[in-house]
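I have placed the structure first, in the form of structure tokens, so that the comments after it can refer back to it.
The values are calculated or read from the model by the stated rules, or taken from the named source; none is laboratory data. Nothing here was measured: the structure is a model prediction, and the numbers come from that model. Cβ coordinates were reconstructed from backbone atoms using ideal geometry, including for glycine residues, and neighbour counts include every protein chain displayed. All accessible areas refer to the heavy atoms of the entire protein, side chains included, with ligands and DNA or RNA removed. Shrake-Rupley method; radii C 1.70, N 1.55, O 1.52, S 1.80 Å.
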Amino acid sequence: MNQIDLEGRVVVITGGARGIGYAVAQRALRSGAAVSLWDIDGERLARSKKELDELGSVSAVTVELTSEASVDAAVAATLAEHGAIHVLINCAGITGGNGTTWELEPDVWRRVIDVNLIGPYLTCRAIVPVMLKQNYGRIVNIASVAGKEGNPNASHYSASKAGLIGLTKSLGKELATKNILVNAVTPAAAKTEIFDSMSQQHIDYMLSKIPMNRFLLPEEAASMILWLASEDCAFSTGSVFDLSGGRA
């Protein structure tokens, strides 16, 4: 495994208690960073923090990412604990289950947009000013290949991730001269607990679209995400990096 230098950096990871976010936290700690895990599931968050403590400096904040007040409080708590925020990884996301566009309930559709798109907007809105004061920052948004192609029976999820790609490109251009780089990755499906909210038919569909004929491993995602979060990534911003096993 190649070494990514994050020595002295403070990395905020939303959805850090499980899945890709947890794998990113493991790799970040092994790369010398301090990590602040943000998640809505306080019980799982405490368990994950305990597991990660042996790898380095870890804090944990229970946060509702769709609430401006909750996000602002999480920023304050992280700064009080670590003194800085150098990197933001927006991993938190939900699928909202599966169904045709006309069958999905409006409140389900809105919740997916709120968590997957409004949440990253609020975290960026709260953390970018901190990065501007430092004259340094890296933001990585976890979008999806569904945001490029649109998955049937997942219009809410696909639309939220397409919006996140658009947010990444706009914010990257706004910050291009500020030494704050903003990029996105577009994974194909990774076999994590998020599969529990999907139908088997949809899981089979996603696998059938991947030329490598397997799902993404969370640690594979962490490798690309944390390179984008490092100083080695110096001339890419507003960009979208494929993690789809050849699908895109």
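Can residue 111 be described as surrounded by fewer than 18 Cβ atoms within 10 Å (Cβ to Cβ), within 22 Å of residue 20 (Cβ to Cβ) and out of contact with any helix residue (DSSP H, G or I) (no Cβ under 6 Å at 6 or more places or on another chain)? Yes, satisfied. Look at segment 153-182: where a residue is closer than 20 Å to residue 126 by Cα and among the small types (Gly, Ala, Ser) and a partner is outside any helix (DSSP H, G or I) and open to solvent by 30 Å² or more (accessible area, probe 1.4 Å), sitting 6+ places away or on another chain with Cβ atoms under 6 Å, you get 172/237; 176/237. Residue by residue through segment 53-79, note down the ones that are of a type in the set (Ser, Thr, Tyr) and either open to solvent by 30 Å² or more (accessible area, probe 1.4 Å) or over 15 Å from residue 128 (Cβ atoms) (or both). Across segment 53-79, the qualifying residues are 57, 59, 62, 66, 67, 70.
Checking every residue in segment 139-152 against the condition of being out of contact with any strand residue (DSSP E or B) (no Cβ under 7 Å at 6 or more places or on another chain), of a type in the set (A, V, I, L, M, F, W, C) and closer than 30 Å to residue 232 by Cα gives zero matches.
Being under 19 Å from residue 12 (Cα atoms) and in a loop (DSSP other than H, G, I, E, B): is that true of residue 80 here? Judged against the criteria, residue 80 is not a match. If the condition is being closer than 19 Å to residue 110 by Cβ and either open to solvent by 40 Å² or more (accessible area, probe 1.4 Å) or part of a helix (DSSP H, G or I) (or both), then segment 141-152 contributes 146, 147. Are any of the residues in segment 83-91 open to solvent by 30 Å² or more (accessible area, probe 1.4 Å) and modelled with pLDDT of 95 or more? Scanning segment 83-91 turns up at least one residue that is open to solvent by 30 Å² or more (accessible area, probe 1.4 Å) and modelled with pLDDT of 95 or more. Of the residues making up segment 198-235, those that are among the hydrophobic types (A, V, I, L, M, F, W, C), open to solvent by less than 90 Å² (accessible area, probe 1.4 Å), out of contact with any Ser or Thr (no Cβ under 8 Å at 6 or more places or on another chain) and under 30 Å from residue 135 (Cβ atoms) are 221, 222, 224, 225, 229, 233, 234. Please enumerate the residues belonging to segment 153-170 that are buried (at least 24 other Cβ atoms within 10 Å of the Cβ) and within 12 Å of residue 141 (Cβ to Cβ). Within segment 153-170, 160, 161, 164, 168 qualify.
Restricting to segment 20-35, count the residues that are in a helix (DSSP H, G or I), within 16 Å of residue 50 (Cβ to Cβ) and without any contact (Cβ under 8 Å) to a residue 40 or more places away in the chain. So the count comes out to 2. Within segment 182-197, the presence of a residue that is open to solvent by 20 Å² or more (accessible area, probe 1.4 Å), in contact with a Ser or Thr (Cβ under 7 Å, 6 or more places away or on another chain), modelled with pLDDT under 90 and not in a helix (DSSP H, G or I) is excluded.
When the residues of segment 97-108 are filtered to those that are in a loop (DSSP other than H, G, I, E, B), at pLDDT 95 or above and touching a helix residue (DSSP H, G or I) at 6+ places or on another chain (Cβ under 9 Å), the one that is surrounded by the fewest Cβ atoms within 10 Å (Cβ to Cβ) is 100.
Counting the residues of segment 36-75 that are assigned to a helix (DSSP H, G or I), over 18 Å from the mean Cα position of the chain (by Cα) and of a type in the set (Ser, Thr, Tyr) gives 0.
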